[in-house]
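Here's the structure, in structure tokens; my notes come after.
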Amino acid sequence: MLQCWRHVPRTGAQWTSRAGGHRGFLDTARTSHLMKGMERLFGSSRVYRAQPVKREARTSSSWLRYSGRLWEKCFPVCASQNRLLASSSPSDPVEIHKRKLALWFSHLPNEEKQFGGLFSPDTMHVEPLILEGPPGENVNPLTGRETPGSVHRSLTVGELFDPDPGWDPEQGQNVVLYGAVGTGKSTVVRKLVLDWCSGSTLAQFELVVPLSCEDLSLQSRPTSLQALVGRMYRHLRHSDHLRGDGRDVLFIFNGMEKMRLNFSIAATELCSSPEEPLHPGAIAVNLLRKYLLPEASILVTTRPSALDKIPRKYVDRYTEICGFTNIDQQRAYFTSRLLQQAEGQPGRDSRELLEMLYLNLQRESQIAAACFLPSYCWLTCATLHFLHFTDVRAPIRTLTGIYTSFLRLNFGGEILEAAAGPNQQGISLMHYVAKTVGKLAYEGITCKRTSFTKEEVMEKIGKEDDSDEELRQLAVFRTDILGFFLARCVQSSPAGGMGEIRYVFTVPAMQEYLAALYVVLGEKKTVLEKLGKGASEVIGQASDDLTTLLNVLSKFLPLRVFAFFNLLKMFPRLYSRISGHSNGKIGKTMASEMFKMEDQFNEDVLDQVEQSVLGVQGPAPLERQEQESFELFPIFMGGLLSRGNRVLLDQLGISIRTTAVVQITRTLKRHLLQNSQKQMPPEELVDFLFFLYEFQNQRFTAEVLGSLSALNLSRVRMTPLKCFVLAAVLACTPPRHVLESLDLSSCSLTCESLDTLRPVLLRCKTVNLQCNNLGSEACNHLKSLLIDSTCTVQSLHLCDNPLSESSARSLAEALSESRSLRHLSLMNTDLGDRGAGELASRLGGNQGLEEINMAYNSIGDNAALQLLDACRANPTLNTIHLYLNELSESGKHSLHSRGLGHGEGGRVKVLASITQGDELSQDWELILNNIRSHATSWNRERPRQPAALPAGAEGGQAAEPQRVEETELLEGPETGGRGDRETGERDQQLATH
């Protein structure tokens, strides 16, 4: 057993609260699609509060002027912002600044809109734990070390600039807020700015100026502080606040790790004038030194690795943001998300979902350790929203897209700094993660492992022969980034003591995602392939210059001299063919991982994802699976190749070439066509359909599914997401593609499920909806389906559903108008005499039905005869099943004789009993097979009609009848009977009679 944990303030550490009360945090998301400069204002990690607007909200259309351009954007504006807009003076630059900041910082990115667009950053805020105290030793995720004896005091966001004893009021404060990736630094900045705009906090500052360090690091030309602020906020260009000593001004530098600061006087000149042009880094240094605007206060957010960039003598207060260290903070966050998925009161499903999640968090599970980071709380909510609230009205989302968006929100296109040199280029941070952590994840999957030793982690991430600059980058990566993907856990020892410390991925699916990214990027290469790639790139880059040079020299030298150079120019083309073969291997890997024999009888992958988040409800399994299952791995590989995900990966600095995708797809299609011909278990079929959904390639899906004629999803829990996936995948096939059969028996279908699956059901010849607890409302949906002119359903099985009289009325109306239905099975649906009467009243109008099964419905003699007369009046109906009903012997005789065609009407075969008098019925075997196929779902407490089975039945010989129960004759171990022993005894007894 592995017990996962993250670094939080140790038990012995002292920390107190100034205001007391509850601490907490919020969600992670990235501000995008507004404007380039303000988007970088939040750096790489976007974290903010979100909750439905409880007060009346409206949409306000405003004109925003930014960097000399005019923007028109509609934002949801809550009541507090409406009051701010109404009270703003049109000529006051500060009031204009507040209004525009409120609009900019309230903008929701596309990733947040998947929650319904009901959240506003200032309507709810769960504060993270913020501790004040001198920074100790940087906590390494591989060691978890902390300075012993450190004293910490908890703060709220509004207390960051409260004066301490001995504070000089004539000088501004410098506050550093640091924390690892995903702990919520950007959320605090967002909340701070919005609260200042509304006047609820930081009232001591008349002006707050947020600045993005990422933007500042990209500016190379010297500029003055006044011009810098005026270019970013044009309405502050003529403000008097930046011309004096900076009293009552707060500068916020977000993401200081993105800038290079040098506090050496030799490197950075001193400056006290806000109008003197300087490099942006020099402006920040002089502000922190208090040479420039000494009375201005400064808030700096940064990661732990960059704390040394600012000397301690220039910092008045260090504060560390620790995320959600309390389960109540996590519960408050999840409550704001999961209970407000739609307008109005939250549904029971949302409340039950929240309770299951809360119980799993209390178990100290792996997901509980992950949710110490607020970013993973966002990922958890996004996953649950995808699993439980996906419908046809929502935009298309994929699980792979959620994980890619999650990484983009936290890292963006962040680049690792390259070593010094003119030709050195930085590498994308996520590409580096895929090459190192992704390799660790892939090797864990190949070895069926989820935990790793410290030595294994260090081996994949660093090398002994790295240069000093590479070692420095590696130290930064381990300090800031590694803990985002890996968490420490303690493996319990057999003796019951402290076990070995190992490392697992923060959430299980992250291991499979990074392994899939590692494979899809082609990082899984042999040494020869890596050398060939390097040589090809070098020769390819020099080919253009070489061609120009050869064109000049060919006029003076014989052509034979250039034969060698022509051979070199052929090498890149030769390597491209070898590379194509390598891409084909990726497609083969995806197909082989998809159809593993050992995974065929596991639960489907969507249920596994849900269990990883909500835990396994009910008693724990007696036997634990010996090997880990990684069924998301091939699905993530397919999802990463989709066009939408490749666009997101480009924003992360990861490029997957279209030619590589084509080569992988060609090989993958060939292997999928071969494997799809085999009969798959229902759970494996769900995984296959989900893979096609994640792949998001309509033409590819149509070609793969073109050979499928039957889908057996029996006993699969068809959640709204699975119904949506099935409908979306089959919608890719051409309209002429019709399924021969679709088995959805015992799938827990609802009326909403039938509505989602309607396009699928219309294109099936045989539909099995047995044992789904469908009622009268579902029959209304089926009525609409059957009378549709495009409906191709010929056989409909509704056995073992609790239908009623109103259900029979809906089905009867459907029968009178349906032109495709040929076989209808209503066995064991509790219709009774009234339901049979409703059907009898409409059967005469049907022009296509050939067989109807009304067995086991508590139908009496009169209703059965009325039903038979209606069948005889139907020109096409030739068979009716009436066994296991409340029929007397005389009633059975009347049915038999009337079915033979005596009197008015046609001839109809009546299956009322396995016997006809003292003789065995001609169709006794058909009756018994039908009973056996349905007996597993029958209620044992329900009285059953005894039937006369003659002795010697197996030989077909007439004998004295023996009174037994028909259903008891057939119950065996596979149908829920009493066991092989009793079944064998009954068979032996029958054989002797």
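The values are calculated or read from the model by the stated rules, or taken from the named source; none is laboratory data. It should be emphasised that the depicted structure is a prediction, and the values quoted were computed from it without experimental measurement. With ideal geometry, Cβ positions are generated from the backbone for all residues, glycine too; neighbour counts draw on all protein chains shown. Side chains included, ligands, DNA and RNA excluded: accessible areas come from the protein's heavy atoms. Shrake-Rupley method; radii C 1.70, N 1.55, O 1.52, S 1.80 Å.
For the condition touching a strand residue (DSSP E or B) at 6+ places or on another chain (Cβ under 7 Å), closer than 25 Å to L207 by Cβ and in a helix (DSSP H, G or I), what is the one hit in L288, L299?
Answer to the check: L288.
If you scan the stretch 701-743, which residues turn out to be polar (S, T, N, Q) and not in a helix (DSSP H, G or I)?
If the condition is that a residue be polar (S, T, N, Q) and not in a helix (DSSP H, G or I), then S707, S709, N712, S714, T719, T733, S741 are the ones that fit.
Please go through the stretch 218-227 and pick out each residue that is more than 41 Å from the chain's Cα centre (by Cα) and not polar (S, T, N, Q).
R221, P222, L225, A227
When the stretch 444-462 is examined, which residues are found to be β-branched (V, I, T) and surrounded by fewer than 16 Cβ atoms within 10 Å (Cβ to Cβ)?
T446, T453
Quick one: which of C791, C747, C771 is open to solvent by 10 Å² or more (accessible area, probe 1.4 Å), part of a loop (DSSP other than H, G, I, E, B), free of Cβ contacts under 8 Å to residues at least 40 places away in the same chain and among the hydrophobic types (A, V, I, L, M, F, W, C)?
Matching residue, one of C791, C747, C771: C791.
Could you list, in sequence order, all residues of the stretch 195-215 that are part of a helix (DSSP H, G or I) and either modelled with pLDDT under 90 or in contact with a Ser or Thr (Cβ under 6 Å, 6 or more places away or on another chain) (or both)? Show your work before the answer.
Our first condition is that a residue be part of a helix (DSSP H, G or I); within the stretch 195-215, this holds for 195-198, 213-215.
D195, S198, E214, D215, listed by residue number.
Could you please let me know if L250 is surrounded by 18 or more Cβ atoms within 10 Å (Cβ to Cβ) and over 40 Å from the mean Cα position of the chain (by Cα)?
no
In the set R819, R842, which member is part of a loop (DSSP other than H, G, I, E, B) and at pLDDT below 90?
Numbers: R842 fails: part of a loop (DSSP other than H, G, I, E, B).
From the options R819, R842, the qualifying one is R819.
What residue, among those in the stretch 725-740 that are in contact with a Ser or Thr (Cβ under 8 Å, 6 or more places away or on another chain) and open to solvent by less than 30 Å² (accessible area, probe 1.4 Å), is farthest from S707 (Cα to Cα)? Please lay out each step first, then the result.
Residues of the stretch 725-740 that are in contact with a Ser or Thr (Cβ under 8 Å, 6 or more places away or on another chain), as a first pass: 727, 729, 732-733, 738-740.
With open to solvent by less than 30 Å² (accessible area, probe 1.4 Å) added as a condition, the list becomes 727, 729, 733, 739.
Details: A727: 17, V729: 14, T733: 11, L739: 10 Å.
Result: A727.
Going through the stretch 416-463 one residue at a time, which ones are more than 27 Å from C489 (Cβ to Cβ) and either in a loop (DSSP other than H, G, I, E, B) or modelled with pLDDT under 85 (or both)?
As a first pass, look at the stretch 416-463 and keep what is more than 27 Å from C489 (Cβ to Cβ): 416-428, 431.
Residues satisfying the conditions are L416, E417, A418, A419, A420, G421, P422, N423, Q424, Q425, G426, I427.
Please verify whether the stretch 172-191 includes one or more residues that are in contact with a helix residue (DSSP H, G or I) (Cβ under 7 Å, 6 or more places away or on another chain), open to solvent by 10 Å² or more (accessible area, probe 1.4 Å), in contact (Cβ under 8 Å) with a residue 40 or more places away in the chain and charged (D, E, K, R).
Yes, that holds for at least one residue.
So, in the stretch 253-289, of the ones that are free of Cβ contacts under 8 Å to residues at least 12 places away in the same chain and either closer than 25 Å to I96 by Cα or open to solvent by 60 Å² or more (accessible area, probe 1.4 Å) (or both), which residue ends up nearest to the chain's Cα centre (by Cα)?
To start, the set of residues in the stretch 253-289 that are free of Cβ contacts under 8 Å to residues at least 12 places away in the same chain comprises 264-267.
Imposing the further condition that a residue be either closer than 25 Å to I96 by Cα or open to solvent by 60 Å² or more (accessible area, probe 1.4 Å) (or both) reduces the set to 265-267.
Values: I265: 51, A266: 52, A267: 49 Å.
Per the criteria, the residue is A267.
Six or more apart or on different chains, Cβ under 7 Å: which pairs go from a residue in the stretch 430-442 that's within 14 Å of V519 (Cβ to Cβ) to one that's assigned to a helix (DSSP H, G or I) and among the small types (G, A, S)? Could you list them?
Short answer, once both residue conditions are applied: G438/A515; A441/A515; Y442/A515.
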